[in-house]
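Here the structure is laid out as structure tokens; the discussion comes afterwards.
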Amino acid sequence: MADLVSHPDEVRVVSKRFGKGATSIDRYLELDGYKAVQKALGMEPDAIVNEVKNSGLRGRGGAGFNTGMKWSFVPKQSAKPKYVLCNGDESEPGTCKDRLIFEQDPHSVIEGVMIAGLAVGSQTGYIYIRGEYRYLSEIMQKAIADAYARKFLGKNIFGSGRDFEIYWHGGAGAYEVGEESALMESLEGKRGIPRIRPPFPAVVGLWGGPTVINNAETLASVPHIILGGSEWYANLGPAKNGGTRLFCLSGHLERPGVYELPMGYNLKKMIYDVGGGIPEGRKLKAVLPGGSSTPVLAADEVDVSMDFDSLAKAGSMLGSGGVVILDETACMVKFALRIMKFYRHESCGWCIPCREGTDWLEKTLIRFHAGGGLKKDIDNIQYLSENMLGRTFCPLGDAAAMPTISIVKKFRHEFEDHLDGRPCPFEKARAAEPVLA
Ligand SMILES: Cc1cc2nc3c(=O)[nH]c(=O)nc-3n(C[C@H](O)[C@H](O)[C@H](O)COP(=O)(O)O)c2cc1C
Ligand code: SF4
């Protein structure tokens, strides 16, 4: 079980049942559980879609697309069955929030999937959980079984005459399978590589049927919107960025952890107040505001609202809510290398700019960090990354390129400090530190 953290500025919506034993279906019912789906059963599908659209809920998986709008793209009539997929693959480095939802409030995900199904006219949902979260799958599977036992799932749910089935599915540990079309390939039992789009999943998705795919936090937010109303939810955040967000604070911080804060919360306050600041009074160097795929912000750029639009204006992205803090002791060349190592390993290898680009970048960064760098390598790293941008089948290529480009641009001086056979200055400083017995 994860250690839960808290801060007075938190606004608990998705996390309101955390730590309250809501894995038990009885406790979940005591805490307003399954009320939202019963309310939704009495609503017209379009009314559900509009409620979610007006709430300003935007996808918590990374891209930040308006959820209700996405649901509205699903055709009303379809010869093939429609599906709702919950994306619980959560593999973005720095991101660990869906894990808490599965662990602490699994029924909220079930309820969110059911409401999405009612909105788009689907009778089947899948909850896809990252392979490394196998222990959470047990919690999720039990929650599904308990919901079936109470006849909340299956035939004639809540005596409404409607049917809804939910299946759990475990991944096998591939980051790429978090990409929505690769996830559908994986669910169909194939190798998890992406599909060429269009057609988009809303029209041709799982087994060729219209499909809604949403992140677990997105879906877990939906029951609260149905019960609390779109206006209440929208007003929690700035315009077009409704609600709250589970921010995963990690790195050089006194109090790392997952905190639920209103959308638009100030990043500087998040670091120094919520996260308790940087240990031993060290200085901030950089922040990845939304997981490893997002461009880094330098220390003088952190006075920014944490919402999709403000971060885009600041040249970065809100992404998956994984906020990684780096202090002055971090080597940005090593950080770029660590990120590239991940993407090189996770590239599915289908398209050349990503497969070769991540490999060359990793090799160059390894040599560079070890002191074998040439001046022209710095421009080459940037050039290679820029040539991956927008030239790959799926956004994994962009995800590898964007942080790298920003690190070279904003921390070029650190690359220069590694030139001419000089070893990494940060490792040299660390080696000189006295070893405590
Ligand atoms: C390489 C890659 C990995 C991704 N991994 C995840 C993931 O682990 N979880 C997730 O919800 N979305 C992930 N996404 C985003 C999904 O493709 C998709 O946009 C998301 O599930 C849509 O849900 P949302 O609208 O609720 O955010 C990933 C995208 C890419 C390109
Ligand atoms: S960008 Fe990378 S992960 Fe995506 S399809 Fe191409 S090779 Fe595969």
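Nothing in this text is a laboratory measurement; each read-out follows from the coordinates by a stated rule. Remember, it's a predicted structure, so these values are computed and weren't measured experimentally. Methodologically, a virtual Cβ is constructed for each residue, glycine included, from the backbone with ideal geometry; neighbour enumeration extends over all protein chains shown.
Trypsin sites (Lys or Arg not before Pro), restricted to region 48-100: which are DSSP loop and have at most 13 other Cβ atoms within 10 Å?
Lys76
When only DSSP loop residues count, what trypsin sites (Lys or Arg not before Pro) in region 242-284 have their Cβ near at most 16 other Cβ atoms within 10 Å?
Sites meeting the loop and neighbour criteria: Arg282, Lys283.
So for the pair Arg197, Asp303, with labels modelled 7 Å out along Cα→Cβ, what separation do we get in nm?
3.8
Given the DSSP H assignment, sum -39500 (n - 2.57) over each helix run of at least 4 residues in the chain and divide by its residue total; what's the result at 222 nm in deg cm²/dmol, nearest 500?
That calculation yields -11500 deg cm²/dmol at 222 nm.
Using Cα centres only, tell me the gap between region 136-171 and region 289-367 in whole Å.
38
So for the chain, taking the charge dipole from beta-carbon charges (+1 Lys/Arg, -1 Asp/Glu), which of Gly242, Gly64, Pro256 sits furthest toward the positive end?
Gly64
Mind jotting down a quarter of the surface of the convex hull over the alpha carbons of region 333-437, in square nanometres, one decimal?
7.2
List the GluC sites (Glu not before Pro) within region 315-367 that fall in a DSSP loop (any state other than H, G, I, E or B) and whose Cβ has at most 16 other Cβ atoms within 10 Å.
Glu328
For Met270, Met340, what ranking results if the residue with the fewest other Cβ atoms within 10 Å of its Cβ goes first?
With the sparsest Cβ surroundings first, the list reads Met270, Met340.
Inverting the mean 1/r over all pairs of different Cα atoms, compute the Kirkwood radius of the chain and quote it in Å.
22.5
Determine which aspartates and glutamates satisfy two conditions relative to Lys142: a Cα distance under 16 Å, and not lying fewer than 8 residues away in the same chain.
Once the sequence-local aspartates and glutamates are set aside, what remains near Lys142 is Asp26, Glu103, Asp105, Glu111, Glu165.
Just the projected area, averaged over all directions, of the convex hull on the alpha carbon atoms of region 166-299: how many nm²?
Over all viewing directions, region 166-299 projects a mean Cα-hull area of 10.9 nm².
By counting other Cβ atoms within 10 Å of each Cβ, how are Thr244, Thr67, Thr329 ranked from fewest to most?
Thr329, Thr244, Thr67
Taking N as the number of residues in region 247-386, what value does Rg over Cα atoms divided by 2.2 N^0.38 Å take?
1.12
Which whole-number percent is the relative contact order of region 168-266 (Cα, under 8 Å, 6+ apart)?
13
Rounded to the nearest 0.05, what FRET efficiency do Glu427 and Arg134 have when you use their Cβ-Cβ distance and R0 = 45 Å?
0.80
Taking all pairs of distinct Cα atoms, average 1/r, flip it, and tell me the Kirkwood hydrodynamic radius of region 130-230 in Å to one decimal place.
Mean inverse Cα-Cα distance, inverted, gives 15.5 Å.
Which angle from 0 to 90°, rounded to the nearest 10, does the C-alpha axis of helix 332-346 make with the longest principal axis of the chain?
That works out to roughly 50 degrees.
So which of Lys268/Lys409; Lys76/Lys97; Lys20/Lys82; Lys269/Lys313; Lys269/Lys428; Lys285/Lys428 end up more than 24 Å apart, counting from Cα to Cα?
Lys76/Lys97; Lys20/Lys82; Lys269/Lys428
Using only the alpha-carbon atoms of region 206-271, report the extent along each of the three principal axes, biggest first, to the nearest angstrom.
Principal-axis extents of the Cα atoms in region 206-271, largest first: 47, 31, 19 Å.
Three principal axis extents, largest first, for the C-alpha atoms of region 291-343, in Å?
29, 24, 15
Over region 233-315, with a single point scatterer placed on each C-alpha, what log10 of the ratio I(q)/I(0) does the Debye formula yield at q = 0.11, 0.24 1/Å?
-0.27, -1.26
Run down the lysines and flag those whose C-alpha is under 19 Å from the C-alpha of Lys341, throwing out any fewer than 8 positions away in its chain.
Output for Lys341: Lys363.
Roughly how tilted is helix 134-149, in degrees to the nearest 10 and between 0 and 90, from the longest Cα axis of the chain?
10
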